[in-house]
Amino acid sequence: MYRLLLVIMVVTGFLSACTKANSSADIVAAQLVKDDQLISKYLSDNNIKAGQVDSLGFPTGVYYVVDSAGVANTLYTNSTTVTVAFTGWLMNTDGTRGQEIGSSYLVGQTTQFNPSFVLGSVIRGWQLGIPEVGIGGAVTLYLPSKYGYGPFAQANIDVPANSVLIFHIIVYNVTN
């Protein structure tokens, strides 16, 4: 009798753990599908031909357009420091480009501030997209929320949870 009770408890615990793990994965997967539909609509509506970043043989949902390739064979790692200029925008839920969320361009200034970041410390979409160009190159990234800030709102830059983002990035320098 005790063995039967123990088996039932173990099986019940295992099944409930699987259900919880699957539900969060299902939520992320469902959001990625929505984001991909929104990005695809934007690209189609604006007649933009974009590639999709491939990570270990799997499409990520991160789309990119190489505006200029830059220096070929630029090496990127998680510890690479990149100096960039960028502008970012939200993508509206109707599939249009929305408000600007940040830029390193200083309006009215004669010189630009070009910030540097360790590639491994920026949002995952940048980590995947910036290596598509070399030094001197420019890329436009279309990021599903999973590769931006995910389900976490960023109040300091007015980014709601689950926001699809667009970034135009110019790579000025790469240091390893």
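On inspection, Tyr149 fails the criterion of being hydroxyl-bearing (Ser, Thr, Tyr), in contact with a Ser or Thr (Cβ under 9 Å, 6 or more places away or on another chain) and closer than 22 Å to Val71 by Cα. Selection of the stretch 141-171 for residues being crowded, with 16+ Cβ neighbours inside 10 Å, aliphatic (A, V, I, L, M) and out of contact with any Pro (no Cβ under 8 Å at 6 or more places or on another chain) yields Leu141, Leu143, Val159, Leu165, Ile166, Ile169, Ile170, Val171.
If the condition is being touching a helix residue (DSSP H, G or I) at 6+ places or on another chain (Cβ under 7 Å) and either of a type in the set (Phe, Trp, Tyr) or modelled with pLDDT under 95 (or both), then the stretch 97-149 contributes Ile101, Gly102, Tyr142, Tyr147.
Residue-wise test of (1) free of Cβ contacts under 8 Å to residues at least 12 places away in the same chain; (2) more than 18 Å from the chain's Cα centre (by Cα).
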site: Asn46; (1), (2): yes, yes
site: Val53; (1), (2): no, no
site: Phe58; (1), (2): yes, no
site: Val65; (1), (2): no, no
site: Ser68; (1), (2): no, yes
site: Thr87; (1), (2): no, no
site: Phe113; (1), (2): yes, yes
site: Leu141; (1), (2): no, no
site: Asn162; (1), (2): no, no
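The values are calculated or read from the model by the stated rules, or taken from the named source; none is laboratory data. Computed from a prediction, not measured in an experiment: that's the story for all the values here. Methodologically, a virtual Cβ is constructed for each residue, glycine included, from the backbone with ideal geometry; neighbour enumeration extends over all protein chains shown.
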